[in-house]
Amino acid sequence: MSHNRFGKLLTVTTFGESHGSEIGCVIDGFPPGFPVDREAIMAELHRRATGRSRHTSQRREADEVRIVSGVFEGKTTGTPIALLIENTDARSRDYAKIKDQVRPGHADYTYWKKYGLRDYRGGGRSSARETTMRVAAGALAKAWLAANFDICITGWLAQVGELVFDQEFSGEVNNNALFLPSEDRLAELERYLDALRKSGDSVGARVNVRASGVPAGWGEPVYGKLDAEIAAAMMSINATKGVEIGAGFASVAQKGTQHRDVIENGAFQSNHAGGILGGISSGQDITASVAFKPTSSLRLPAPSVDQFGNAVEVVTTGRHDPCVGIRAVPIVEAMLALTLMDHALRHRGQCGEQPLHPLHID
């Protein structure tokens, strides 16, 4: 009954802990004959990596991915693809003093209640270190979607704490380590994060993501809705507390005449639905927004209990992000790519290649 596997036809099983010797994943159902670019995988891993700026955890992992199966002479074979990454910069000693304590806001308490024990080293399986393998698998899905459907997936940082940035993507996102859509706000955000880090506190973030070029027809009408599975994929990321598709919660205040995406002159005039109608892609850009909670590992003391029920004061030392949502951008992109590729294969399995319909809407 374990749930370490994601997907239906394209499945990804991840394994490993934050301070274990290695982390890894097995990708099953990937079509054969697709060229694999290890450097492209490494590039995505670098985007997610810690230590890229002073505003993220200073844990510095090499993240050298090893492809140990499923690829022969540079192409996928159709058999399971196994990827491994060695943990090279774990400092388990940072957690020795709090190994019996329940850190507020973490999964310590719930892991103890479920399993009767837990790996206290950096959170073990509940650590965001696990998402490294999602990004590695997502790099392959991104490449496959781009090659077969010309789909482009882009994410950006839309909000950090009370600082709200441009809600639309721009090419500048790839020019800075904080994934900002406009670099003219970069200095402001860095000052904000410097003050936050000095105070010892943390804040949450909002990450927006868009997939352009998705054909109409992917998804299912009831169970297996494309938007439902995108939401589930995003909610599976560590620290996620909310997901919006299209207009999301803003649709509550919209009138029906505003929210409905009317079709005029052969084109949709808006995209409040986020590219999905009735659980099936409409051919418009698929848009989503993901909310991440503030980091709970803080050096500021907080009352809690230990595993024996004694009252304690918890102080978390070690290397942590003042805003975990910053590094979530490539993770959000990866989970959207994996969900879309899974649905592409499921659609092809049921309906064959994309049919030509007399009705075509831009």
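Key figures for this structure:
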| item | result |
| --- | --- |
| Summed side-chain charge close to ILE245 - residues other than ILE245 whose Cβ falls under 12 Å, Lys, Arg +1, Asp, Glu -1 | -2 |
| Where labels lie 7 Å past Cα in the beta-carbon direction, separation of TYR115 and THR79 in nm | 3.1 nm |
| For the chain, built as a Gaussian network whose Cα springs stay under 10 Å, the top-fluctuating residue of LEU140, LEU117, LEU226 | LEU117 |
| Rounded to 10°, Cα long-axis angle of helix 329-351 versus longest principal axis of the chain | 40 degrees |
| Normalised contact order of the chain, rounded percent, pairs of Cα under 8 Å and 6 or more residues apart | 21 percent |
| Protection-proxy order for peptides 12-18, 173-179, each taking the mean of Cβ atoms within 10 Å per residue, highest first | 12-18, 173-179 |
| Listed pairs LYS75/LYS293; LYS225/LYS293; LYS113/LYS241; LYS142/LYS198; LYS113/LYS198 exceeding 28 Å between Cα atoms | LYS75/LYS293; LYS142/LYS198; LYS113/LYS198 |
| Length released on extending from VAL315 to ARG348, taking residue separation times 0.36 nm less the Cα-Cα span | 6.7 nm |
| Cα shape, the range 100-250, gyration tensor, a/c 1.5 rule | oblate |
| Computed [θ] at 222 nm, helices only, for the chain once each DSSP H run of length n ≥ 4 contributes -39500 (n - 2.57) | -7500 deg cm²/dmol |
| Where labels lie 7 Å past Cα in the beta-carbon direction, separation of GLU39 and SER236 in nm | 3.1 nm |
| Helix axis angle, 226-235 relative to the chain longest principal axis, alpha carbon, degrees | 10 degrees |
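Read the figures in this text as sums done on the coordinates, not as results from a lab. Model, not experiment: these values are computed from the prediction. Every residue, glycine among them, receives a Cβ derived from its backbone with ideal geometry; neighbour counts consider all protein chains shown.
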